[in-house]
Structure formats: structure tokens, C-alpha cells
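Some notes on the structure that comes next.
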Amino acid sequence: MSEFNALFGIRFENVFEELYKEMLSTGCAEEEGGKLKLTRKGLLFRDLIARQFFSKEVEAAESAYRTTA
């Protein structure tokens, strides 16, 4: 998270506050050494978790691709 904060000039926890709190509270992620990492439980849901970070534009592009593939 410290790399995200330095790169974008804003705290990861603020940008993705709801998702951040949910991942921690459900045991899907944990903080370690300034990094957010998936737990064993989180790894089971990694694809679903990753999709939560997609922008609306990426979601639309992926949806369009899936209908043509």
C-alpha cells in the first residue's frame, strides 16, 4: 500500500475504503509490512476480489469482449 500511496499521492485505504475494510473484516486480506496481501481464504476468491478494482470502462470493455468471444 505504501507504493500505491507514493505513486498516486493518496492513501489506498481512502480510495478503496469500503473494499479495504471488507477484505480485512472477512479475513480475505491482511496488512503486512506496509502491504496488503491476500490470505489463503482471499486466494480462493482472488478473481472476484480483483474485479472489484476494475473501472467502469474496463468492466464495459470486458463485457463487450465476452459477448463477441
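The values are calculated or read from the model by the stated rules, or taken from the named source; none is laboratory data. Remember, it's a predicted structure, so these values are computed and weren't measured experimentally. As a convention, Cβ positions derive from the backbone with ideal geometry for all residues, glycine included, and neighbour counts pool all protein chains shown. Please note that ligands, DNA and RNA were not included when accessible areas were found on the heavy atoms of the full protein model with its side chains. Shrake-Rupley method; radii C 1.70, N 1.55, O 1.52, S 1.80 Å.
Structure summary
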{"read-out": "Meets criteria (at pLDDT 95 or above and under 15 Å from the mean Cα position of the chain (by Cα)) for SER55", "value": "no"}
{"read-out": "Restricting segment 1-35 to residues that are part of a strand (DSSP E or B) and surrounded by 11 or more Cβ atoms within 10 Å (Cβ to Cβ), the residue that is modelled with the lowest pLDDT", "value": "LYS35"}
{"read-out": "One residue from LEU44, LEU38, LEU48 being modelled with pLDDT of 90 or more, open to solvent by 50 Å² or more (accessible area, probe 1.4 Å) and touching a strand residue (DSSP E or B) at 6+ places or on another chain (Cβ under 6 Å)", "value": "LEU38"}
